[in-house]
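Read through the structure below, which is laid out as C-alpha cells, and then see the notes.
The values are calculated or read from the model by the stated rules, or taken from the named source; none is laboratory data. Small disclaimer: the values here were computed from a predicted structure and weren't measured. Because the Cβ atoms are built from the backbone with ideal geometry, glycine has one as well, and the counts that use them run over all protein chains shown. With ligands, DNA and RNA removed, areas are computed over all heavy atoms of the protein, side chains included. Shrake-Rupley method; radii C 1.70, N 1.55, O 1.52, S 1.80 Å.
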Amino acid sequence: MTLDSVKHATETPDTEQPWAELGLKQDEYDRIREILGRRPTGAELAMYSVMWSEHCSYKSSKIHLRQFGEKAPANDALLVGIGENAGVVDVGQGYAVTFKVESHNHPSYIEPYQGAATGVGGIVRDILAMGARPVAVMDPLRFGAPDHPDTKRVLPGVVAGVGGYGNCLGLPNIGGEVVFDACYQGNPLVNALCVGVMKHEDIHLAKASGAGNKVILYGARTGGDGIGGVSVLASETFSDTGPTKRPAVQVGDPFQEKLLIECTLEIFKEKLVAGIQDLGGAGLSCATSELASAGSGGMRVELDTVPLRDATLSPEEILMSESQERMCAIVEPRYVDRFLEICEKWDVIATVIGEVTDGDRLEIFWHGEQIVDVPPRTVAHEGPVYERPYARPAWQDALQADDANKLPRPGSAEELRAQVLTMVAHPNQASKAWITDQYDRFVQGNTVLAQPEDSGMIRIDEDTNLGVAVATDGNGRYAKLDPYTGAQLALAEAYRNVATSGAKPLAVSDCLNFGSPEDPAAMWQFAEACRGLADGCLELGTPVTGGNVSLYNQTGDVAIHPTPVVAVLGVIDDVTRRTPVAFKDQGQLLYLLGDTKEELGGSAWSQAVHDHLGGLPPAVDLEREKLLGEILISASRDGMVDAAHDLSDGGLIQAVVESCLRGGNGARLVVPDGLDPFVFLFSESAGRAVVSVPRSEELRFTDMCGARGLPATRIGVVDGDAVELQGEFGITLDELRTAHEGTIPALLA
Amino acid sequence: MTARIGVVTFPGTLDDRDTQRAVRVAGAEPVPLWHRDKDLHQVDAVVLPGGFSYGDYLRAGAISRFSPVMESIIAGAKDGLPVLGICNGFQVLTETHLLPGAMLRNNHLHFICRDQKLRVENNSTSWTADYEQGQEISIPLKNIDGRYVADERVLDELEAEGRVVFRYADWNPNGSLRDIAGITNAAGNVVGLMPHPEHAVESLIGTGRTDGLGFFTSILKKLVHAS
C-alpha cells in the first residue's frame, strides 16, 4: 500500500476518505480541506478527527465554559488558570497546589477495571505534567441501581481498577463519593481527581519553545490500545446493539506509571525540561499539536522513531493510540544526555523523536516522507465551535410541580424511627467502607483526614504543618430538578465540607457529566449548570481552575441526571487544628448552625422512603455559606469545636448518625421550638452544619455566632450509646451500625 | 552518634519515604539504599519497605529478590544484620528464604486497608523489644497478597521456637494460617510482617495512633547499646 504522504495527498485530491467513520461531520471535513488547501493525508485526518472530537475540542461546551473565565472572581491565589493541564493555586509558604477532576465514564462502562484504572493514571499524569508531586487521589463514582445485575459487573470492576492502579502508585485515596441511581445504569460516572504539590518555581507548562530543542517521548512503548478512545468512545452515545468498542479502551500498567512519576520528578529537580505534556486522550496527536501550538515555533517529528509494542502499527494508528504511561518533554540539547541518563536509572524508555523548529508548522515524517504538514493551532486550539440549540424541556414544569414536601410523612414516633433506619441503610446513605477499604489511604504518611470525613486533608509541610483539604460533591437529583441551583448546591456542599474540616476554600475544579449536546434538553441542563456554577464561584470568590466536560452520557434517548461534580480545594495553616466529624467526648453540646426550612425536594428521604424525585431542590444562599464557612474555620482555629459535620443529603439525622458511629458515642437530641420533628430530622436545607462544642467553649462560640449573625441552635448533647430524639424515639448505636454498615456488603460482597 | 538505618528503594517501592520519616521520628538516621547498588553504606540495620516492587509482576517480591542490593542484605542478615521487611518487604524476605513460608492472595480476593489489631507474641527480637509480651497494638494493614501460608511442619516449628512475632487479634483479615501476621528467623535479627508500623508513628497522621513507633525505637536502643 502506498504511504499517504503530503505529496501523495496533493496528487490524489479525489481519494475517498473515512472521515465519517472517524467521527467527523461533513462540514468539519470540508474545513480541514480549506485549512490545508488540499485533502488531508491519512495521518492528518487521524489527528484532526481525535483533536476535533467533543472530548478534546469542547466544541459544544466551549461557549458556555467561557463564563468561568469571564465571571472569575479576583483571586490572588491563582497562579495558573484554565487551559493548562491543571490549574495551580498558591497556598502560601512558597508552595503551590495543583488539582483537577476528570471523567473516564465511557471506557469504564465498556471495560470497568481498565477504564477506571486508566482514569486514575490519566489525571495523575496531568498533575505530574504541571511539575508537581501527586499527593492524593479521590474518586467520585456513580452507578446504576444497586440491585441491578449489571451493577455487579461494573462496580466491582471499577473499584478494583481504582484501587489496583492507585494503590500501586502509592497515592492515598482520601475521598470521593459513591452514588447509585437507575439513571446511571448504562452510563456509570467514573470521575477521578488528583492533587499535587510543588514549590512555585517548579511550575511547568505545556509548550514547545526554542528552535533546536529536542522533543523526547518517554515512558511506555506505544501499542494498539485506545485507538480513537476520545472520538469513537467518549464523543458518541452508546447504542444497545452496536459492536463492542472494547479495543478503544486503554490498558494500564501502574508500575510503569510509578517509575514515570519518580523519573519525571527527578528530571524536574535538575531543571532539565523547557516544556512538558502528558499523553492522554488523543495520544501523540494531542501532545505534539498542543506543545507546538502553545509554543513560539513549529515542530518536526520523525514518527518512525517512536518505540512500539506492535511493529505493524501504521502511522495513523501511532498518532491516535492512547497507550498509557507516556510523557513528552521539550529539552534543550545540552540537557538531553542527563535526561536520558535519569530515564535509564528508572528503567524508563526515552527517545528523541523530533525537535522544535523556527517555522510555524507541525511536520511529521515517516521514514523520510512527510505525512503531516499542518498549522498546529488549527489542530489543537482552533477546532470547531458549536452553538448548539438548547431549550428548557417540556417536562421540567411537571417535575417541579410534583412537590416532595407533600409526600406522606410518618404519622407516629414509631414510623419516624423506622424511616430513620430505612434512610441510613439506603445504599446512597449507607457506609461505603466496603468500597473505600479497598483503597490505600495511608501511603505517603501525610493523611490527616480521609473518607468518611467531610474532606480529605493532606499535610504538605512537616515542619510548619501547612496542609490542604479537598472535597468533591455532586447531586444529580437536585440538578435534575433545577440544573442552575443543582450546580450551585454541589459547589456549596464541597465548599462547606472543606470549611467544616477547618480549611479555607480557595479554588474549584469541576467535572461536568451530561447527556448528548445534540439533545436541546440536555444542552439546556448543561448551559444552566455552567451559568449556576460560574455565578456561584464568583459569589464565593473561588475561581474554576480547570476541569473536564463529559457529554453523550446517555443510552439511546435517555440521558443521565445532569451531574456537575464540583471539587473545592482549601488550605489550612496548621493541620493539627483540623475538625473531624466524630463525636468523641460525652457531655459536649450539639449545636445546629444555619436555618432549617421545609425542603424535601430531591432529598434522600424522598428517595429512600418514597422512591420519589420531584419538586424544587433546597434554596441556595451563598452569602450564608460564606458566613458559615468563616465561623467553622474560626472555630477550628481557636479550638471552639471538637467535631463538625456538614448537613447535606439525609439532613440532620444522617449527619448525627454518622458522627455518633464514627465517635462511638450516642446523642440526645431535642427538637427546637417551632420545628416539626420530621422536618428537623430530614430537611436538606443548605448552609448548615452540626458542631460538638466543649462546655467550656459554649459561651465563646455562641457569642461569636451571635455577633456574626449566624443562627446557632442548641439541639442536644453527646451522651449514652443511642441516638435519641427526646419524647419520640431512641435507636442504639448497635442497631444503627448494623443498618448503616450492613447494606453495601450485603449487596456486593 | 546515632544509628544509621538503611531503607531500600526498589522500582515500585511506595513506602520508602514514609519509612525514612519513621526512622527519623524515632531518632535514628535514615540512609536511602538503591536496588542497583550493592553497597550498604555502613548501615547498622535495614528496612525493606512496602509497595509493589516490579509491579508485583510474576509474584510479589520474586524479582526484587535478585537485585544487587539484596545480595549484600542476604549476606549481612546471615551475619546478624538486623533486617525488617514490611508488607512487600516481608514478601521479598520469604522469596530470599531468610524467612520461611509465602504470601498468597487474601482469601476474600480484595485489597484491604484497615486499622488492624495485632498481638505481640515475641518481644525478644531486634525490632520488638520495646513492646510487652502479649501487648495488643493497632497499626494499618493494606495489601492484596497478605495471606501467610507454610506447611504444617514449618508452622509447628515457628510456634515451637517462638518465632511467630505477631498474630492478628480480633479478626484475621486475609486467611493467614494460624493468624500469623509476622515472623522472625531463628536468630531474631530478621523480622517480617504484613501490617505497616511506619504508618503509625505520629498522632496527627493516619489512624492517630503511634503503636508502630516501637519497631524503630526498639532497633535504635539495641544498636546504641551495642555501640
(message) Could you report the accessible area of A:K258 in Å², rounded to 10, computed with a 1.4 Å probe on the protein chains as they sit in the structure?
(response) 20
(message) To test your reading of the geometry: what angle, between 0 and 90 degrees and rounded to tens, separates the Cα axis of helix A:413-425 from the longest principal axis of chain A?
(response) 20
(message) Need the per-residue list for segment A:416-451: every residue with at least 20 Å² less accessible surface in the complex of protein chains than in the chain by itself, probe 1.4 Å, sorted by number.
(response) A:W434, A:D437, A:Q438, A:D440, A:R441, A:F442, A:V443, A:Q444, A:G445, A:T447, A:V448
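On the accessible surface of segment A:579-749, probed at 1.4 Å, how many percent belong to carbon and sulfur atoms? Spell out each step's value before the answer.
Details: 2670 of 5900 Å².
Accessible surface attributable to carbon and sulfur in segment A:579-749 totals 45 percent.
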(message) Helix-only estimate, please: 222 nm mean residue ellipticity of the protein assembly as shown, summing -39500 (n - 2.57) across DSSP H runs of length 4 or more and dividing by its residues, to the nearest 500.
(response) -10000 deg cm²/dmol
(message) Greater than 27 Å separation of Cα atoms is the criterion. Which listed pairs, B:K78/B:K142; A:K269/B:K222; A:K504/A:K584; A:K271/A:K345, meet it?
(response) B:K78/B:K142; A:K269/B:K222
(message) Among the listed pairs A:K207/A:K626; A:K152/A:K258; A:K100/A:K152, which have their C-alpha atoms separated by more than 32 angstrom in this model?
(response) A:K207/A:K626
(request) Please determine, in degrees from 0 to 90 and to the nearest 10, the orientation of helix A:112-129 with respect to the longest principal axis defined by the Cα atoms of chain A, where the helix direction is its Cα long axis. (result) 80
(message) Please report the antiparallel percentage of the DSSP beta bridges confined to the protein assembly as shown, to the nearest 5.
(response) 75
(request) List the GluC sites (Glu not before Pro) within segment B:78-186 that fall in a DSSP loop (any state other than H, G, I, E or B) and whose Cβ has at most 15 other Cβ atoms within 10 Å. (result) B:E132, B:E161
(request) Sequence neighbours fewer than 8 away in the same chain don't count; with that in mind, list the lysines whose C-alpha is under 16 Å from A:K71. (result) A:K62
(request) Treating the angle as unsigned and between 0 and 90°, give the value, to the nearest 10°, between the Cα long axis of helix A:26-36 and the longest Cα principal axis of chain A. (result) 50
(request) Please work out the C-alpha center-to-center distance from segment B:185-227 to segment A:607-670 and express it in whole Å. (result) 39
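Summing both sides, how much accessible area is buried between A and B? Use a 1.4 Å probe and give Å² to the nearest 100. Mind showing how you got there, number by number?
Working: alone 25420 and 9700 Å², together 32470 Å².
The contact between B and A buries close to 2700 Å².
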(request) Would you work out if segment B:4-226 is rounded, prolate or oblate? Take a ≥ b ≥ c from the square roots of the eigenvalues of the alpha-carbon gyration tensor; rounded if a/c is under 1.5, else prolate when a/b is larger than b/c, oblate otherwise. (result) rounded
(message) Computing the accessible area with a 1.4 Å probe over protein heavy atoms, can you report the carbon and sulfur percentage for segment B:4-226?
(response) 49
(request) Towards the positive end of the charge dipole of segment B:67-223, with charges on Cβ (+1 Lys, Arg; -1 Asp, Glu), say which of B:C113, B:N172, B:I219 has the farthest Cα. (result) B:C113
(request) Could you tally the net charge around B:G6, taking each other residue with its Cβ under 11 Å from the Cβ of B:G6, Lys/Arg +1 and Asp/Glu -1? (result) -4
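Using a 1.4 Å probe, what is the accessible area per residue for segment B:123-167, in Å²?
41
Provide the per residue accessible area, probe 1.4 Å, for segment A:1-160, rounded to a whole number of square angstrom.
Result: 35 Å² of accessible area for each residue.
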(request) Compute the separation of the alpha-carbon centres of segment B:23-55 and segment A:572-600 and state it in Å as a whole number. (result) 42
(message) Please check segment B:71-117 for residues whose accessible area, probe 1.4 Å, is lower by 30 Å² or more when all protein chains are in place than in their chain alone.
(response) B:H110, B:F111, B:C113
(request) For segment B:1-29, state which residues have at least 50 Å² less accessible area in the presence of all protein chains than in their chain by itself, taking the probe as 1.4 Å and leaving out ligands, DNA and RNA. (result) B:L14, B:R17, B:R21
(request) Positive end of the charge dipole of segment A:579-749 (Lys, Arg +1 and Asp, Glu -1 on Cβ, about the Cα centre): tell me which of A:V671, A:L699, A:G615 has its Cα farthest that way. (result) A:L699
(request) Report, to the nearest whole %, how much of the accessible area of segment A:305-389 belongs to carbon and sulfur atoms, 1.4 Å probe, protein only. (result) 48
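How fast does the protein assembly as shown diffuse by Stokes-Einstein, in µm²/s, taking the Kirkwood radius from C-alpha pairs at 4 °C and 1.567 mPa s? List each step's numbers first, then the result.
Working: Rh = 29.2 Å.
D, rounded to a whole number, is 44 µm²/s.
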(request) Please work out the average accessible area per residue across segment A:579-749, using the 1.4 Å probe convention, and give it in Å². (result) 35
